[in-house]
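The structure under discussion appears below in the form of structure tokens.
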Amino acid sequence: MLVAFFMTGTGNSYTVARWCAQVAETTGLRSQLIQIKAGEKSDSVPLRSLAVFTYPTHGFTAPWLIMKYVWCLPNGHKNHAIVLPNRAGIRIKGVFFPGLEGTAGYLIALLLWFRGYRVQGVMGVDMPSNWTALHWGLSGENAAVITNMAKSKVKSMLQTVLAGNRHYDGIVQLFLGAALAKISLMYIIMAQFILAKLFFASDKCNGCSLCQSICPKKALRMVGRPGRPYWTYSCDSCMACMNYCPQKAIEVSPFIITLFYYIAAVPVAAYAMRYATNGYASHWGTLSWFGFGIQYGYTLVAIALAYVFLHFTLSSRLIREIAGKLSHTRYFRRYKAEGVSLKDIHLK
């Protein structure tokens, strides 16, 4: 039996899991797709099964949700497993740029080994980048080219494993990820939380609460009357809310980005500790771990308070309309994996 575990925002991981199920079924194996969601118990895998884990890469490493889920898995009893982290592929004017999964694959492979699994394969999968907060969604043609390349690689890799062989890819990516470990750590412990506060609902929002329903991290609340989405620190920036909003009302504001940058740049720890030898320290890298803790705590609290104020300010339709028209994402094409519906991946 093949059991495919997937995390998803815009359908990329679900697509990879579905490909694996299709290959399994052609060989006579039963398959089951399981979406990983926050707050749900880790599912056990039947004996003599192949478990497939596919999920997006965040900050050149694996997201917190998949790390926690895998660590809480029941003992694998030496079941086989493969790990297929998705990375953001880009294609512009016919030129393809692969993504970088870094430590995302082998970190989860290590956790699976600790949980009693035999990892038979690790491979990064280039899927169309869905980071709409940064760039417009890829065109249908570019997304299709990237998806077709990925489909061929995934099916070939799975057939190799089902034939009793192993397939380990991405060793160079692993070393690059190790070199970028500081960035990954900073993303996990800080940038992830700040990015969660960059979203807002523009004047197009009608309070339908679909964004709250489909969030795999349960990171959104509807606040106020009429309700408007409020992003908590649990957000993984999976882009599901932005890309699936029927009104295209979820935006990112350059003003909020600039505001948060200046808030985070205030060297509170240096002022408190008089840490630096040549003036006050103003860079995270110059702080001791104790100073880092002070700065980290300040940044989280300050941005949380600023976001509460912003959410209150955006309760004015006029302010929302102005902020929305000044947002770069208002003019971006959204991205959703081809052939994937909300019923497939979120509303089960």
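The values are calculated or read from the model by the stated rules, or taken from the named source; none is laboratory data. All values derive from a computational prediction rather than experimental measurement. When we count neighbours, we look across all protein chains shown, and the Cβ atoms used for this are built from the backbone with ideal geometry, even at glycine. Side chains are part of the model used for accessible areas, which takes the heavy atoms of the whole protein and leaves out ligands, DNA and RNA. Shrake-Rupley method; radii C 1.70, N 1.55, O 1.52, S 1.80 Å.
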Count - residues of the stretch 221-238 that are at pLDDT 90 or above and open to solvent by less than 20 Å² (accessible area, probe 1.4 Å)
1
Looking at L180, L198, L185, which one is without any contact (Cβ under 8 Å) to a residue 12 or more places away in the chain, within 19 Å of the chain's Cα centre (by Cα) and over 20 Å from R317 (Cβ atoms)?
L185
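For (1) open to solvent by less than 30 Å² (accessible area, probe 1.4 Å); (2) free of Cβ contacts under 8 Å to residues at least 40 places away in the same chain, each residue gets a yes or a no:
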site: C211; (1), (2): yes, yes
site: C215; (1), (2): yes, yes
site: A249; (1), (2): yes, no
site: Y261; (1), (2): no, yes
site: A265; (1), (2): no, yes
Taking into account only those residues within the stretch 1-30 that are within 15 Å of the chain's Cα centre (by Cα) and hydroxyl-bearing (S, T, Y), which is surrounded by the most Cβ atoms within 10 Å (Cβ to Cβ)?
S13
Out of all the residues in the stretch 107-128, which are under 17 Å from the mean Cα position of the chain (by Cα) and open to solvent by 10 Å² or more (accessible area, probe 1.4 Å)?
L107, D126
